[in-house]
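*Asks:* Just dropping this structure here.
Computed from the coordinates by the stated procedures, all read-outs in this text should not be read as laboratory data. Quick caveat: nothing in here was measured; it's all calculated off a predicted structure. Cβ: placed from backbone, ideal geometry, glycine included. Neighbour counts: every protein chain shown.
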Amino acid sequence: MANLRDKVFKIRSKNAGPFTVTVDIFCRNQNSLKRILGLLDGDTLSHLYNVKKDSFEIFEIPDLNVIKISFPRTHIQGSRLDRDMHGAQFAELLNEMELPDNF
Amino acid sequence: MIRVLVPSGVLGLEFSKEALQRGLANNPDIIAIDGGSTDSGPYYLGTANSKYSRAVTSGEWKYLLAARETADIPLVIGSSGTCGTDQSVDWMVEITKNLLRTTKKDLRIGTIKSSLTRQQVVSALQTGRLKTLKHAPDISEEIINDCTGMVALMGVEQIQEALARNADIIIAGRATDTASIAALPLMSGIPPGIAWHGAKVSECGALCSTNPLSGCVQVDFHEDYFEIEPLDPMAQCTPHTVSAHMLYENSDPFILYEPGGYLDVKNTTYEAVSDRKVRVSGGKWIPFPQYSVKIEGVRIAGYQTTSLTMIRNAHYVRNIHTWVEKLKQFLENSLDEKFGVDADTCHLDFRIIGSEATLGSLEYRSSQPVEVGILSIITAETQELANEIAKHINPYLLHFPLSDKEELPTFSFPYSPAETERGPLYEFCLNHALELDDPLEIFKIEVFEANG
């Protein structure tokens, strides 16, 4: 079974201020971007990140073939229950996301 | 045309000295660099400390002071000392004065301070001048009064005021990443859509090029466009590397909020002028009717003591989750008898390194590691109590058995004492904008002789 990372150039995540995490998915082409975008509905993202589905903002940047996903941090950066000061490892959940067989 | 030399994304993170020299040879109008960010967490604002070492900061600043001297142009640093508090500005001034001790010239240092008092912020809350930004936590007068550090992020107006007062070296407190770069172009009549966009793209130095580590970039601001090129001959700016920078640490790839308005880059054009220089046009600036600045604040949310235990025994590694659960329950139950407190006010967190220490409950994978580490984090209302509890749990981390039927195990501690006092746990508690009648209202600007 293929993972999302096998189909893209790279996926990275980072803080966008202390209250928000932002993930950038660098797709290989426009067609691939559209197909990947189709997989990333609110339910899927909510399941991965345990954040309410209407909290995700999804942007499509066609010139760069990038999908950007921003969402509020469950634990504010650096607060007692936070585990990732820079928000940099959140990307791994999307990197490892398993793709449907026919994808 | 206004030419801005940006030596790197932040003072303290190195830049190529050769690239800086190349930049100077091109006759820039100003050198602008950023000095901070919240990206490394709330500790820095809580304590007014710098993330980067004093020696490294001073070493790099010395080069920039010399570059300023050579070109005889202003040098600006925003968000001095990581968090940009008034103390951080003083720290940077002291470093600067030390470096300038042997200079004969009369140089003028401009400082812009942006720390806020609790009284100022409480009064803004009471008069409805604090506006909630996205994902902001709830605030109250009590929370504001608990803050140990609060700053406002200045824009260009405050830096322009110091430039207008003929400061040679401007040491600014907390500022937006772009402000120190956009200040002079805007002052010189460059349209705001061009000025802010060029500043955003270059705020991390050569991160918008193919060789981020080289640091230096040069931005030329024109009436209808700006051009950006890296100053390391091996690096290239391409339409892709430049436009991709709008994504970086920005929740919305098309919009950038700044004091007084926002930049909209939805309809911008990026064209290669050469194989290493890019021309950008089309950025739009939309002013807000009311000027406001973002504010940041942190408070103390407890005191922490930590320890690290290493476990290699295969039986215990296999049953590590059961072990941690039993240990946690046992220790939490002991808190009342030993210290007269409970698990609601004293938190015992055990993070299993090798299992889900990074992602916590989001982790979905599992496998059998060779060894695991237990990072114990004790958070209590006082440091003394956190230390006491950490000492109390130490023998159990060393010897706690999985069941009554087995012999006492003994695990490994990598150092003595096993406990490390971490000090206060700081927490970001503001994500608000403060409305101002005058951009200079809360900022303290001074210009003085360096050797005075």
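*Asks:* Please compute the Kirkwood hydrodynamic radius over segment A:14-103, one decimal place, Å, based on all pairs of different Cα atoms.
*Replies:* 13.7 Å
*Asks:* In whole Å and largest first, what semi-axes does the C-alpha gyration tensor of segment B:238-345 yield when each eigenvalue is scaled by 5 and square-rooted?
*Replies:* Rounded to whole Å, the semi-axes are 54, 25, 10.
*Asks:* Let me ask something additional. Which net charge results when you count Lys and Arg as +1 and Asp and Glu as -1 among the other residues whose beta-carbon is under 14 Å from that of residue B:421? It would help to have the intermediate numbers written out before the result.
*Replies:* Working: positive: B:391, B:422; negative: B:384, B:388, B:419.
Combined, the nearby Lys, Arg, Asp and Glu give -1.
*Asks:* If you average the alpha carbon positions of segment B:201-215 and of segment B:316-341, how far apart do those two centres end up, in angstrom?
*Replies:* Going from one Cα centre to the other spans 48 Å.
*Asks:* So how much slack lies between residue B:188 and residue B:140, counting 0.36 nm per residue of separation and subtracting their Cα-Cα distance, in nm?
*Replies:* Working: separation 48, 0.36 × 48 = 17.28 nm, distance 4.16 nm.
Gain on extension, residue B:188 to residue B:140, equals 13.1 nm.
*Asks:* Please grab the % of Cα pairs in segment B:3-63 that end up more than 13 Å from each other.
*Replies:* 65 percent
*Asks:* How big is the dipole moment of chain A about its Cα centre under a simple scheme where the beta carbon of each Lys and Arg is +1, that of each Asp and Glu is -1, and everything else is neutral? Debye, nearest 20, please. Don't skip to the end; give the middle numbers.
*Replies:* Numbers: 14 positive and 14 negative charges, 48 e Å.
Result for chain A is approximately 240 debye, rounded to the nearest 20.
*Asks:* Extending each Cα 7 Å along its Cβ direction at residue B:72 and residue B:405, get the distance between those two points in nm, one decimal.
*Replies:* My value for the distance between the label points is 8.8 nm.
*Asks:* Given only helices, namely DSSP H runs of n ≥ 4 each adding -39500 (n - 2.57), what is the per-residue ellipticity at 222 nm of chain B, to the nearest 500 deg cm²/dmol? Don't jump to the answer; show the numbers that get you there.
*Replies:* Values: 13 runs with 139 residues, N = 452.
Rounded to the nearest 500, it is -9000 deg cm²/dmol.
*Asks:* Something else now. How many Cβ atoms of partner chains, on average, are near each residue of A:81-93 if near means within 10 Å of its Cβ?
*Replies:* Details: counts 6, 4, 10, 3, 5, 4, 2, 1, 3, 3, 0, 5, 5.
Shielding by partners across A:81-93 averages 4.
*Asks:* Looking at the square roots a ≥ b ≥ c of the eigenvalues of the Cα gyration tensor of segment B:276-320, which shape do they give, rounded for a/c under 1.5, prolate if a/b is larger than b/c, or oblate? Write down the numbers at each step before the final one.
*Replies:* Working: a/c = 5.05, a/b = 2.07, b/c = 2.44.
Since a/c reaches 1.5 but b/c is at least a/b, the shape of segment B:276-320 is classed as oblate.
*Asks:* Here's another thing I want to ask about it. Can you give me the convex hull volume of the Cα atoms of the protein assembly as shown, divided per residue and expressed in Å³?
*Replies:* Here the figure is 171 Å³ per residue.
*Asks:* When you have a sec, figure out the Kirkwood radius of segment B:298-429 from all distinct Cα pair distances and drop it here in Å to one decimal?
*Replies:* 15.5 Å
*Asks:* Is there a quick way to get the dipole size of chain B? I mean about its Cα centre, with the Cβ of Lys and Arg at +1 and of Asp and Glu at -1; what is the value in debye to the nearest 20?
*Replies:* 940 debye
*Asks:* In segment A:1-20, which residues have a backbone nitrogen under 15 Å from the label point lying 7 Å from residue A:89's Cα in the Cα-to-Cβ direction?
*Replies:* A:13-15
*Asks:* Could the peptides B:42-50, B:236-244 be put in order, highest first, of the mean number of other beta-carbon atoms found within 10 Å of their residues?
*Replies:* The peptides rank, most packed first, as B:42-50, B:236-244.
*Asks:* Over all residues in A:16-28, what is the mean tally of Cβ atoms on other chains that come within 10 Å of each residue's Cβ? Mind showing how you got there, number by number?
*Replies:* Values: counts 9, 13, 14, 9, 7, 1, 7, 0, 5, 0, 3, 0, 0.
That average works out to 5.
*Asks:* Dividing the convex hull volume of the Cα atoms of chain B by its residue count, what figure in Å³ per residue is obtained?
*Replies:* Cα convex hull per residue, to the nearest whole number: 173 Å³.
*Asks:* Ranking request for peptides B:187-197, A:56-66, B:366-376: highest mean number of other beta-carbon atoms within 10 Å first, then the rest in descending order.
*Replies:* With the highest mean Cβ count within 10 Å placed first, the list reads B:187-197, A:56-66, B:366-376.
*Asks:* Residue by residue through segment B:252-263, what is 3J(HN,Hα) from phi via Karplus (6.51 cos²θ - 1.76 cosθ + 1.60, θ = phi - 60°)? Round to whole Hz and write x for glycine and proline.
*Replies:* Couplings: 10, x, 10, 10, 10, 7, 9, x, x, x, 9, 9 Hz.
*Asks:* Normalized C-alpha radius of gyration of segment B:67-206, against 2.2 N^0.38 Å?
*Replies:* Values: Rg = 17.1 Å, N = 140, 2.2 N^0.38 = 14.4 Å.
My calculation over the Cα atoms of segment B:67-206 gives 1.19.
*Asks:* Report the relative contact order of segment A:4-95, percent, no decimals, based on alpha-carbon pairs under 8 angstrom and at least 6 residues apart.
*Replies:* Dividing the mean separation by the residue count of segment A:4-95 yields 36 percent.
*Asks:* Ranked highest first by average number of other Cβ atoms within 10 Å, how do B:2-8, B:343-349, B:276-282, B:426-432 line up? Before the final figure, lay out each step's value.
*Replies:* On the way: B:2-8: 26.1, B:343-349: 15.3, B:276-282: 19.4, B:426-432: 23.9.
Ranked by mean Cβ neighbours within 10 Å, highest first: B:2-8, B:426-432, B:276-282, B:343-349.
*Asks:* Sticking with this structure for a sec: For the cross-link pairs A:14/B:444; A:53/B:51; B:134/B:200, which exceed 30 Å when the distance is taken from alpha carbon to alpha carbon?
*Replies:* Where the Cα-Cα span goes over 30 Å, the pairs concerned are A:14/B:444; A:53/B:51.
*Asks:* Return a whole-number percent for the relative contact order of segment B:188-277, with Cα pairs under 8 Å and 6 or more residues apart as the contact set. Don't skip to the answer; put the middle values down first.
*Replies:* Values: 132 pairs, mean separation 24.0, N = 90.
Relative contact order of segment B:188-277: 27 percent.
*Asks:* Averaged over B:354-362, how many beta carbons belonging to a partner chain fall within 10 Å of each residue's beta carbon?
*Replies:* The shielding value for this peptide is 4.
*Asks:* Give me the base-10 log of I(q)/I(0) for segment B:1-151 at each q in 0.16 Å⁻¹, Debye formula, one uniform scatterer per Cα, rounded to two decimals.
*Replies:* Debye intensities relative to I(0), on a log10 scale: -0.92.
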